[in-house]
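Everything on this sheet refers to the single structure shown next.
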C-alpha cells in the first residue's frame with residue numbers, strides 16, 4: 001500500500017472511531033430506542049426480558065445449559081461418593097463381625113488378611129506390634145519405638161506411600177503401592193503397634209483421605225486381641 005493509501009486508511013479508521021463514539025453515546029442516552037425496535041433486536045440477537053433489561057438470549061441460554069451440566073456432574077459425583085461410602089461402611093460392619101469371631105490372635109491375623117483381600121480388594125492387612133515380648137503367629141514384629149517412626153511421635157494415622165512397606169508386608173510388599181496405618185496399643189503394659197492395610201493402587205490411600213473407618217477397625221482389633229493374655 002502506498003503512503004497516501006495508508007494515510008487514507010488511518011483517516012477512515014479514525015473517522016469510524018469518532019462516529020462510533022457519537023453513536024454509542026447516543027444509544028446510552030436513549031436506550032429505549034433499542035428496546036422499542038424489535039427488528040433491530042432480532043438483527044443484534046438480543047431479546048427484551050423485562051421493561052428495563054435486555055437479555056442476551058442465546059448466550060444466556062448457553063451459560064444456563066453449562067451451569068445445568070456442571071450441576072448434574074456434581075450431583076452424580078456426590079451420588080457416586082455417597083454410594084461408595086455406604087458400601088465401605090457396610091463392608092466395615094461385616095468385617096467387625098468377622099474379627100469378633102476370631103478364636104485366638106493367630107486366627108485374628110488370618111481373618112484380617114482375608115477381610116482386606118475379599119471385602120476391600122486390597123493386597124493384605126496386617127497387625128504389627130513392638131517388642132519386647134512374644135509376637136503372635138501371623139503378626140509382624142517391630143523394633144521398640146518403631147511405631148513413632150512410622151506415624152510420628154504424636155501421629156495416630158497415616159495414609160499414602162511409605163518406605164516401610166517391606167517391613168510391614170514382607171513378601172507382599174512389591175504389590176503394595178499405598179498404605180493405610182493406624183496406631184494401636186494392646187495389653188497391659190501396652191505394646192504399641194499399627195494396623196496396616198496395603199493397596200495395589202497408588203491412589204488407593206492418599207494423605208487427604210480420612211482414616212475414620214480404618215481407625216474404627218483398629219479399635220475393634222485392639223479389643224478383640226485383649227481377650228487373650230499377652231504372649
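So for 216, 197, 169, fewest C-beta neighbours within 10 Å to most, what's the order?
216, 169, 197
Give me the distance in nm between label points sitting 7 Å out from Cα along the Cα-to-Cβ direction at residue 15 and residue 100, one decimal.
9.3
Take 217, 78, 112 and order them by how many other Cβ atoms sit within 10 Å, fewest up front.
Exposure proxy ranking, most exposed first: 78, 217, 112.
Using 0.36 nm per residue, how much length does the chain from residue 79 to residue 67 gain when fully extended, once their Cα-Cα distance is taken away?
Working it through step by step, the gained length comes to 2.5 nm.
With label points built 7 Å along Cα→Cβ from the Cα atoms of residue 144 and residue 30, find their separation and express it in nm.
Roughly 9.7 nm, to one decimal.
What FRET efficiency comes out for residue 223 versus residue 177 if R0 is 35 angstrom and r is the Cβ-Cβ distance? Round to the nearest 0.05.
0.70
Between residue 114 and residue 91, what length comes free when the chain is fully extended (0.36 nm per residue of separation minus the Cα-Cα distance, one decimal in nm)?
Stretched fully, the residue 114-residue 91 segment lengthens by 7.0 nm.
Which values of log₁₀ I(q)/I(0), to two decimal places, follow from the Debye formula for region 120-203 at q = 0.16, 0.19 Å⁻¹ with a uniform point scatterer at every Cα?
Those come out to -0.56, -0.78, one per q.
Within a 10 angstrom radius of the beta carbon, how do 97, 115, 129 rank from fewest other beta carbons to most?
Listed from fewest to most nearby Cβ atoms, that is 97, 115, 129.
Rule-based calculations on the coordinates, nothing more; no lab input. No experiment lies behind these values; they were computed from the predicted model shown. Every residue, glycine among them, receives a Cβ derived from its backbone with ideal geometry; neighbour counts consider all protein chains shown.
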